[in-house]
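The values are calculated or read from the model by the stated rules, or taken from the named source; none is laboratory data. What you see is a predicted model; the values in this text were computed from it and never measured. Cβ: placed from backbone, ideal geometry, glycine included. Neighbour counts: every protein chain shown.
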Amino acid sequence: MQKPLTSVILILVIAFAVSPAGAMQKSIAGAWTLSAEGLSLSLVLTQEGNDGTAVTGTLEDPHGGIIPLKGEFAGDRLTVSGSSDGGHGFQVTLAGTIQRDGSLAGSLTSTIRDMSWTAVRVAR
């Protein structure tokens, strides 16, 4: 009797692990070093809400100012945007994905120019 019960439990565990309900949202929360076109900037992200899809954060601008960010993280895709001076200054949008090595990579669109970017977690 124990062997069939063990087999049923094993099947249920495997089915749950590969189903969307069993998939866990990866965390992007924390401090990152963003690199783009020779710049190295501080990026800090926080995941909010029950499902962790809402994202807020900050990005250090090239002149040392802080740009508040707001956006979404769904699946492996991150999209955040923000602006300095309450929307009247430098505007930026970051769109990217988690890479196999845990880094982030994508495209940056801004009022100055567009470019590719990568980000790695800051070592603790």
Every residue from region 79-124 that is of a type in the set (Lys, Arg), assigned to a loop (DSSP other than H, G, I, E, B) and within 14 Å of Lys26 (Cβ to Cβ): Arg100
Subset of region 103-113 (residues that are at pLDDT below 95 and not hydroxyl-bearing (Ser, Thr, Tyr)): Ile112, Arg113
Residues of region 54-78 satisfying the condition of being within 20 Å of Ser107 (Cβ to Cβ) and in a loop (DSSP other than H, G, I, E, B): Asp61, Pro62, Gly75, Asp76
Boolean, Thr93 is in contact (Cβ under 8 Å) with a residue 40 or more places away in the chain and either crowded, with 16+ Cβ neighbours inside 10 Å or touching a strand residue (DSSP E or B) at 6+ places or on another chain (Cβ under 7 Å) (or both): no
